1. Which of the residues that make up the stretch 283-298 are open to solvent by 60 Å² or more (accessible area, probe 1.4 Å) and modelled with pLDDT of 85 or more?
2. Residues being aliphatic (A, V, I, L, M) and either touching a Phe, Trp or Tyr at 6+ places or on another chain (Cβ under 8 Å) or over 30 Å from Cys191 (Cα atoms) (or both): count how many of those fall in the stretch 74-124.
3. Identify all residues within the stretch 299-311 that are of a type outside the set (Ser, Thr, Tyr) and crowded, with 16+ Cβ neighbours inside 10 Å; write none if there are none.
4. Determine the pairs where a residue that is on the phi < 0 side of the Ramachandran plot and outside any helix (DSSP H, G or I), located within the stretch 388-417, has a partner that is of a type outside the set (Lys, Arg) and modelled with pLDDT of 75 or more with Cβ atoms under 8 Å apart, the partner being 6 or more residues away or on another chain.
5. Within the stretch 68-93, which residues are surrounded by 12 or more Cβ atoms within 10 Å (Cβ to Cβ) and farther than 20 Å from Gln119 by Cα?
6. What number goes with the only condition from (1) within 19 Å of Thr414 (Cα to Cα); (2) modelled with pLDDT under 85; (3) open to solvent by less than 80 Å² (accessible area, probe 1.4 Å) that Leu470 does not pass?
7. Would you tally the residues in the stretch 382-408 being within 27 Å of the chain's Cα centre (by Cα) and modelled with pLDDT under 80?
8. Under 8 Å between Cβ atoms, which residue pairs at least 6 apart in sequence (or on different chains) link something in the stretch 310-333 that is farther than 12 Å from Leu295 by Cα with a partner that is small (Gly, Ala, Ser) and part of a loop (DSSP other than H, G, I, E, B)?
Amino acid sequence: MRGHHYKFNPQKHKIKNDYPDNAERNGTSTLRRHLVICKGMPSKFIEMSEMLAQDEMIIAKKIDGMMVRKFLAMAIIEHDLPFSFVEYKRVRQLLKYMNPDFNPISRNTIVADVLRLHQGQKEKLKREIASISNRICLTADVWRSIAIEGYICITGHYVDNSWKLNSKILSFSAMPPPHSGNELAKKVLDCLKDWGIEKKIFSLTLDNASANDTMQSILKDQLCLQYGLLCDGKFFHVRCYAHILNLIVQEGLKVVDSALYKIRESVKYVKWSEGRMKMFKEYCEQVGVETGTGLHLDIPTRWNSTYTMLKVAIKYERAFSSLQLLDRSYKYNPSSQEWQRGEKICDFLEPFYEITNLFFGSKYPTSNLYFFQVWRIECLLKDYMTNGEDEMIESMANNMKEKFDKYWEEYNITFALAAVLDPRMKLELLEFAYNEVDPTNSKEKIDIVFKAYERRTAAQEERSALEIYLDDKRLEMNEFDDIDVLQFWKNHKQRYGNLTQMACDILSIPITTVASESSFSIGSRLLNKYRSRLCSSNVEALICTRNWLIGYEIGVNGEECDGEDNDHIEVVVDDDTGKNT
């Protein structure tokens with residue numbers, strides 16, 4: 001070993017066996033193994049032999065320079081690193097230490113490696129999508145970066161050959177103005193042609209932006225005319241559940257009096273500075289209020305954040321009263337009646353908050369879950385409308401029910417189809433739900449569901465498969481609470497035939513645009529104020545490849561993908577008069 005000189009005497013160290021002394025022909029492994037077990041060997045020679053073994057292992061292992069570059073490209077993609085990462089002094093030192101023959105690479109080289117990796121993963125995903133026989137559902141949304149550049153994200157949702165629900169970003173491309181319905185439709189259609197899936201589309205989920213109605217109408221006409229949409233596109237347009245529910249609850253909050261305003265201003269006052277927060281904590285300790293949960297300031301356009309603010313602030317009522325007595329600058333303390341009104345608002349919003357969490361608690365639930373949750377919202381609103389205990393709550397419920405009827409007039413058809421395909425529900429629970437809401441036309445709605453199936457299943461054998469499925473015994477909800485519905489259809493593919501393909505189409509319909517919005521969250525980290533000039537092709541390669549390699553990173557209840565730093569380009573319009581929300 002270089003740098004160490006020891007004289008070794010076999011007689012002195014009592015080596016009795018003969019060992020070959022031709023190192024070029026026989027090597028040193030035999031002697032090295034003996035050195036480790038030799039009882040007469042001094043410890044310094046044992047240590048030297050171990051160092052020799054480690055040194056030889058490092059020298060013997062050849063480091064593939066191309067693999068190093070691939071790992072660097074993957075690290076940049078997965079960890080939001082800048083391309084200049086490979087030019088960092090210490091990174092180059094590390095690479096040189098690992099392999100003295102490794103040639104330093106530039107940011108231009110690693111950009112080429114990222115683009116090559118992106119293209120390879122795209123071709124792989126294309127082959128996977130081409131291999132499936134069922135349809136693909138889409139979500140689309142538009143976003144504006146910190147540099148005021150527009151991007152459109154198009155995501156495909158489908159059941160693969162392993163019967164797993166997938167959500168893959170198909171495009172995250174620049175969207176220059178104008179952002180009209182015509183231009184958006186052209187962009188989506190170009191994406192579908194690029195992936196070769198223009199004949200495999202089933203539905204498109206959009207938020208309530210004004211241009212989206214025009215866009216989906218143009219797309220539906222084009223796809224029906226040239227490529228064919230199932231059921232003449234009846235199930236093509238799906239409105240984003242999260243946006244519609246937000247509009248509905250916001251409509252109810254319009255009638256809330258000064259209670260909500262005062263509570264919001266109180267929270268804002270305390271959180272204004274660190275000194276006030278420290279002082280408020282002392283007041284909490286004086287009146288015996290636990291401070292484990294900190295105050296939350298809401299975003300007025302997001303009703304779920306308003307609910308969280310109210311739920312937490314109510315616990316600090318006594319501390320705010322103490323603050324009013326000791327701080328003359330604080331003038332927003334609600335009266336006891338206003339605090340009670342805040343509690344009623346909180347109780348009113350709680351079931352809607354829980355329903356929303358059911359959808360965001362699982363990344364992308366299958367669509368069979370939607371019908372009974374939306375039905376539950378309708379039932380809650382009808383109950384609150386006739387509450388008789390509080391006029392404000394009744395007024396909120398009436399406003400929300402009017403908005404609900406406008407947007408979800410036909411929700412029952414699309415979602416009812418998915419509910420029927422849940423073996424725990426079928427038609428029995430569907431009929432029960434319709435009777436609860438309006439028994440006068442429940443039979444008519446059930447018939448519409450049947451007709452929708454019959455148009456989808458034209459052959460006699462397919463209708464027979466539907467009849468077999470409906471006649472089979474329904475699974476009990478309590479016994480199969482956590483059933484994997486897609487796995488059920490996989491296990492019964494032979495029995496139900498082509499009905500299973502219909503199940504894949506309908507169960508993969510997403511009801512929210514969470515997938516697109518979560519990609520915007522990644523985009524806001526990627527295109528920050530320090531690296532806002534990345535060209536759009538590099539942005540697409542980084543975001544898409546990241547999604548294909550590691551999927552989405554969604555926090556609890558969708559918090560990470562709320563996109564607090566995101567700016568949507570389109571103005572959301574919530575009624576026919578064009579009033580902005």
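1. Result: Glu285, Gln286, His296, Leu297.
2. Summing the residues that are aliphatic (A, V, I, L, M) and either touching a Phe, Trp or Tyr at 6+ places or on another chain (Cβ under 8 Å) or over 30 Å from Cys191 (Cα atoms) (or both) in the stretch 74-124 gives 11.
3. Arg302, Trp303, Asn304, Met309, Leu310, Lys311
4. Note: pairs meeting the criteria are Trp408/Ile244; Trp408/Val374; Trp408/Glu378.
5. Ser84, Phe85, Val86, Glu87, Tyr88, Val91, Arg92, listed by residue number.
6. Exception for Leu470: condition (2).
7. Total meeting the criteria: 2.
8. Close Cβ pairs (under 8 Å, with a partner that is small (Gly, Ala, Ser) and part of a loop (DSSP other than H, G, I, E, B)) amount to Arg318/Gly288.
The values are calculated or read from the model by the stated rules, or taken from the named source; none is laboratory data. The model shown is predicted, which means the values in this text are computed figures rather than measured ones. Neighbour counts run over all protein chains shown; Cβ positions are idealised from the backbone, glycine included. The accessibility values were calculated without ligands, DNA or RNA, using every heavy atom of the protein model including side chains. Shrake-Rupley method; radii C 1.70, N 1.55, O 1.52, S 1.80 Å.
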